[in-house]
Amino acid sequence: LLLLPIFYIDMILKLQESISFDFNGLRHTVGTQLAVAGCSATTIAAVLKHASPDSCQKYVDIAFQGLIDALS
């Protein structure tokens, strides 16, 4: 169970060789993926350590818009 985070770190380091990304980009990816998975803005704010869910509502809005587009 403790090897799982190390596996992810190794994969991120390998990706770093082929693409450029920054910490903020990774945070946005996590926020978006949590929204796509159905998490609320409050949950996303807690995971990303934001002071309020208002700043994470954009992730939920983006995910919801993508769902609406897919259903249309």
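Tabulated data
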{"quantity": "Pairs with Cβ under 9 Å, 6+ apart, first in region 6-29 and within 19 Å of Ile44 (Cβ to Cβ) and basic (Lys, Arg), second open to solvent by 100 Å² or more (accessible area, probe 1.4 Å) and modelled with pLDDT of 80 or more", "calculated": "none"}
{"quantity": "Leading residue by the ranking (modelled with the lowest pLDDT) among those in region 40-61 that are β-branched (Val, Ile, Thr) and either under 12 Å from the mean Cα position of the chain (by Cα) or at positive phi (or both)", "calculated": "Val60"}
{"quantity": "Condition met for Val36 (open to solvent by 60 Å² or more (accessible area, probe 1.4 Å), at pLDDT 90 or above, aliphatic (A, V, I, L, M) and out of contact with any Ser or Thr (no Cβ under 7 Å at 6 or more places or on another chain))", "calculated": "no"}
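The values are calculated or read from the model by the stated rules, or taken from the named source; none is laboratory data. The shown structure was predicted, so the numbers you read here are calculated from the model rather than taken from an experiment. Cβ atoms come from the backbone with ideal geometry, glycine included; neighbour counts cover every protein chain shown. All accessible areas refer to the heavy atoms of the entire protein, side chains included, with ligands and DNA or RNA removed. Shrake-Rupley method; radii C 1.70, N 1.55, O 1.52, S 1.80 Å.
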